[in-house]
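Encoded as C-alpha cells, the structure appears first; notes follow it.
What follows is calculated from the coordinates using simple rules that are stated; it is not laboratory data. Remember, predicted model here, so these are calculated numbers, not experimental data. Glycine also receives a Cβ, built like all others from the backbone with ideal geometry; neighbour counts cover every protein chain displayed.
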Amino acid sequence: MREYQHLVRQVLENGTYRQNRTGVDTIATFSAHYSVDLREGFPLLTTKKMDGFRWNSLMHELAWYFSGEHHIRDLRKNTGIWDAWADDNGNLPTAYGRFWRRFPIPEKDAKLEGEWWADDTSWYSQAEDWFGNRPDGSQIANWVNEESDGSKTFDQLRYVIDTINGDHPHRSENSRRLVVSAWHPANAAVSKLHPCHFTFVVVVQDGELNVHLTQRSGDIALGIPFNIASCALLAHVISNRTGLPVAEFSHTVTDCHIYCGKGERGQWYRDNLTRLQRRVEETDGHDTSDIVDFIQENAPNQEDVYDHVPGLLRQLGREPKERPEIDIQDKPLDQLEFEDFKLTGYDSHPGIRFDVAE
C-alpha cells in the first residue's frame, strides 16, 4: 500500500532522534495524516507478510473489542499481546472495546446540576423544546447498559450504528456527532494501558461510509499496519449494519515514531541521522538495499533486534501487490468471532521481523 510507504518515507526523511520511556530510541516526527480508499480493496499490507498468525491475532483482538470485555481470559488463548498489561486475574485497567461498548456514566452523586445523561429520562421533555421533537426514550435505553455492580455504561458503537439508521434529522446518517472515544482522562492519568488509537469519527458523505481514526502515538513498523487493518475492518462492520458502502479510511497520527535500537545502536542513529536521511532522499524508493547495507556495515550490533529501520527500508523497496477482499458475517457485534471474517486474494512479500519495544 503506497500510502503506508509514503508515511514511512515521511518519518525517515523528516524525523529527529528522540529517547522515550521504553529505553529503545526512536526517529520521530510530529503529526502525519493520510487517507486510504477502501473501495480499492482491503488495506492489509502486502509489503510484508501479515496473514497467518498475524491475521489470527488481529481478528481475535478485534472480536474482543466488539465484545466490550475488560478481561483477557479468552483473548490470551489466541494472542499474548495483552498479557503485559493485565493483572493476575486477566483484568485490564482499560481496553478499547470496554470503552467502545461500555463507557462509564457518572454515578448520580457525581453528576453536576443541569447536566443531561442518557440514563436520566427527566431530560426528554426539555429536549423536545430544543429539538422540536421528543427523542425516543426506548431507543435511548438500548444504549445504556446495567452493569453487574449496579453502575451504568453507554454503548458508543451501538449509538453510532443506530444514529446512522435513524429516521429524523437529529438521529440520521447526516449526523456530525458519530464519535467513539476510548480515552477517559481520569483513567488515563493512572492506567498502565493508555489507548494509542483513542478516538474515531464516522462520516457519511454522498451515501458512503468514511471513518477517521486519531492516534496519539504510532509505532510505524508494528502498530500502524495493525491499526490500518483493524479500523478498516471496523468500517466494514459498520457498513454491514447500516447498508452503506465503505469509502475512505483516514488516519491522523500525532507522534509518529520508528524504533532504532538501544544503547550504542540508538546513539549511532543520533550521530548519523543526517547522513541516513540524505541517502533516503536520494533513492527513488525502488532500491533501498544500499541504505540497508550502509546501516549494517556501520551501526554497532548492540541491541539491533529493536532496530526497525532496516526492515522498513526493505518495505520501501518492495512493490505493493493487489489488495485482498474481506467478507464479514452479519451477526450482532458481541457475537462476532474469528470465523466470521473471511480474507480472500491475499498475496504478500515475505515477512519481516520487528521486535516490540514495551
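Adding -39500 (n - 2.57) for every DSSP H run of four residues or longer, then dividing by how many residues the chain holds, sets the calculated 222 nm ellipticity at -10000 deg cm²/dmol. The range 211-247 and the range 297-358 have Cα centres lying 14 Å from one another.
In whole angstrom, the range 261-358 maps to an equivalent ellipsoid with semi-axes of 37, 19, 10, each derived as √(5λ) from the alpha carbon gyration tensor and ordered largest first.
When the convex hull of its Cα atoms is viewed from all sides, the chain shows a mean projected area of 19.6 nm².
Considering every alpha-carbon pair of the range 189-271, the percent of pairs per 10 Å bin, from zero through the bin containing the longest distance, is 16, 36, 27, 14, 6, 1.
Within a straight-line Cα-Cα reach of under 12 Å, Lys111 can be paired with the following aspartates and glutamates, leaving aside sequence neighbours fewer than 8 residues apart in one chain: Asp119, Asp120.
Enclosing the Cα atoms of the range 191-331 in their convex hull gives a volume equal to 163 cubic angstrom per residue. Kirkwood hydrodynamic radius for the range 1-126: how many Å is it when counted over pairs of different Cα atoms? In the range 1-126 this quantity evaluates to 19.1 Å. The antiparallel fraction among DSSP beta bridges confined to the range 212-337 stands at about 10%. Each residue of the range 1-49 gets 109 Å³ once the volume of the Cα convex hull is shared out per residue.
Rounded, prolate or oblate: which one fits the range 300-343, using the alpha carbon gyration tensor with axes a ≥ b ≥ c (rounded when a/c is under 1.5, else prolate when a/b beats b/c, else oblate)?
Since a/c reaches 1.5 but b/c is at least a/b, the shape of the range 300-343 is classed as oblate.
Counting neighbouring Cβ atoms within 10 Å and putting the fewest first, the residues His308, His197 line up as His197, His308. Legend: residue pairs Lys192/Lys331; Lys108/Lys331; Lys49/Lys262, Cα-Cα distance threshold 31 Å; pairs beyond threshold, Lys192/Lys331; Lys108/Lys331.
Look at the alpha carbon pairs under 8 Å that are at least 6 residues apart: their mean separation over the length of the chain gives a relative contact order of 26 percent. Sequence-ordered 3J(HN,Hα) estimates for the range 91-103 from the Karplus curve with 6.51, -1.76 and 1.60 and θ = phi - 60° stand at 8, 9, x, 6, 7, 3, x, 4, 7, 4, 9, 9, 7 Hz, glycine and proline given as x.
Which whole DSSP H helices in the chain pass both tests: a Cα extent of 24 Å or more along the axis and a mean Kyte-Doolittle value no lower than 0.5? Span-like helices here: 223-242.
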